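Worksheet for the structure shown next.
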Amino acid sequence: MKKLKKIHLAIAVLAAMITIPACTKLKDTPYTSIISTRFNPTKADLAALVGAGYSQWRFILLDWNGLWRAQEITGDELVIPKRPWGWFDDGVYQRLHKHTWTTDDDVINQTWSRTYAGITNCNRIIYQIESGLIPITEEKDATLAELKVLRASYYAILCDFYGNVPIVTKFDLPTGFLPEQNTRTEVYNFIVKELTDNIPFLSAENNVATYGKFNKWAAFTLLAKMYLNAGVYTGTPKWADCIAACDSVINSGAGYILEPVQKNVFVTENQGSKEIIFALPMDEDYTSNWNAFDLHMQTLQQENQATYNLKTTPWGGICAIPQFMSTYNEADARYQNNWIKGQQYTSSGQMLYVAQGDFAGKPLAFVNELPGLEKGESVHGLRLGKFEIKMGATNRLSNDYPVFRYAEVLMMKAESLLRNGQPDAAATIVTQVRQRNFASNPSEAVVTGAQLQQGSSYMYGLKDQVNNQFSNEVGADIKYGRFLDELGWEFDQEGHHRTDMIRFGAFTKKSWLSQAATNNNNRTLFPIPRTEIQKNGNLVQNPGY
């Protein structure tokens, strides 16, 4: 393990040890309280103190039925079909695919509770600092600013996912306190103000000390994401503001670049990537909960245990939707490197064969075909391989998860330029992002402003499982659909796609695989969990639920 990852995982452990002074086991323990009589922090302690506030990000995004799953399998790129060995689980994955989720589904409940737990952690630490329970004298303003920006990042999740949620900024609340509900616009305005007010106090450094934390540039990236989606969140687009926020990162001089090979961002030891702006540090030895980061377990077939000498047998579930994979230029390095396809082998080069299901005894060769949501055999669907799967991995990957990366800043600026009437300037940036993926055929990387103004190449349509045919729903009528395609190719498997589809108007208006277009814009927001409505009479359910 490289030095950088050791340092930041040690900080995570120290944060846990601050909570439990006698703890010696290296566990990723959620931050709960600080006993002020036992802790008088110095400057050297601040990283651990603030680091405790970050713990929920990984739980929100990557744990079972978390935000990543909601963002990906509700869209047109990935699916979890029913397999002969399982993956039905009371139909929850089918409901997510078909946009028929309920107020009781686990994804709805988990995202709410995990995110508000992150907000509570931030509120607690802010209160302890402001009240003097934690007597910080050095860098107090910077520490509070970072915590407020971190808290804003949690509210950004709630704004995108649920829209109309309570804003709570106090920790010392009376027993039985029930917060009032805020509108989505109010939540958006709160986030933007928190970011703009606190960015000046954040560190401008991009180094070991700021890795995995909100420095100025990570905060500007979050601000750009808010402006990019302002039209969805408030009805008023903010393209020029998005460009300005992106330019703050681009012109920062902080050393962010596009990696010469996209895969460098996603290898196991990726903590040195100059493309990563904000990451969740991960390590199989330090992140001890079972589902900490297990995309490889969710996607690989059981037989693939021998491919990577995995310590645990994978579960063979999630795969790519064939319609999406058909949009790729097969010369694109992202098509070649990010997806597991074709005949599978052991680590020593022997062919693997299917062990169960209708294809038992036949070669295990992944094909870009899927009968439907109700049935996927071992060979059906290309598998997720963007994050490197190291030899001998446990059920938890050790790759740091890049929440924000420099390519996203470039593409946010490009999209804002395109929508602001500057398609050629947008095309220059998109070409820049594409170039590394067509190194052997540079002309394929070039895209024009005229092309970016065209519709999507995605051949949408609902699959008729009886006749194995799709209804005819082209993507050519999606405004700037080619840019949506570009986002799909660059950010596949990264937990962005639902938000992007909503912004381009495709999420409820198109059909794919077993998801029929509903034209129901209520589905662009998830419902507030039923249990939360029952607990708090101040909450009003989102429309349509």
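The values are calculated or read from the model by the stated rules, or taken from the named source; none is laboratory data. On a predicted model such as this, the values are computed, not experimentally measured, just so you know. Backbone-built Cβ (ideal geometry, glycine too); neighbour counts: all protein chains shown. Ligands, DNA and RNA are excluded from the accessible area calculation, which covers all protein heavy atoms including side chains. Shrake-Rupley method; radii C 1.70, N 1.55, O 1.52, S 1.80 Å.
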Quick check: anything in the stretch 281-300 open to solvent by less than 10 Å² (accessible area, probe 1.4 Å), hydrophobic (A, V, I, L, M, F, W, C) and over 30 Å from residue 53 (Cβ atoms)? yes
With the checklist (1) open to solvent by 30 Å² or more (accessible area, probe 1.4 Å); (2) at pLDDT 95 or above; (3) under 18 Å from residue 54 (Cβ atoms); (4) among the hydrophobic types (A, V, I, L, M, F, W, C) in hand, flag the one item residue 209 doesn't pass. (2)
Selection status of residue 134, closer than 30 Å to residue 208 by Cβ and either open to solvent by 10 Å² or more (accessible area, probe 1.4 Å) or in a helix (DSSP H, G or I) (or both): no
Filtering the stretch 398-410 down to residues that are part of a strand (DSSP E or B) and either open to solvent by less than 10 Å² (accessible area, probe 1.4 Å) or modelled with pLDDT under 95 (or both) yields 401, 402, 404, 405
If a residue has to be in a helix (DSSP H, G or I) and not hydrophobic (A, V, I, L, M, F, W, C) to count, how many in the stretch 182-223 make the cut? 13
Regarding residue 245, is this residue of a type in the set (Gly, Ala, Ser) and open to solvent by less than 10 Å² (accessible area, probe 1.4 Å)? yes
So, residue 531, is that one at pLDDT 95 or above, open to solvent by less than 20 Å² (accessible area, probe 1.4 Å) and either part of a loop (DSSP other than H, G, I, E, B) or under 24 Å from residue 58 (Cα atoms) (or both) or not? no
Within the stretch 65-94, of all residues that are open to solvent by less than 10 Å² (accessible area, probe 1.4 Å) and small (Gly, Ala, Ser), the one farthest from residue 369 (Cα to Cα) is 66
Which of the numbered conditions does residue 369 fail, given that it passes all the others? Conditions: (1) over 25 Å from the mean Cα position of the chain (by Cα); (2) assigned to a loop (DSSP other than H, G, I, E, B); (3) closer than 30 Å to residue 230 by Cβ. (3)
Please specify each residue of the stretch 346-363 satisfying the condition of being without any contact (Cβ under 8 Å) to a residue 40 or more places away in the chain and buried (at least 16 other Cβ atoms within 10 Å of the Cβ). 359
Residue that is farthest from the chain's Cα centre (by Cα), among those in the stretch 383-435 that are among the hydroxyl-bearing types (Ser, Thr, Tyr) and closer than 30 Å to residue 287 by Cβ: 394
Taking the stretch 103-122 as the search range and keeping residues that are of a type in the set (D, E, K, R) and assigned to a helix (DSSP H, G or I), which one is farthest from residue 169 (Cα to Cα)? 106
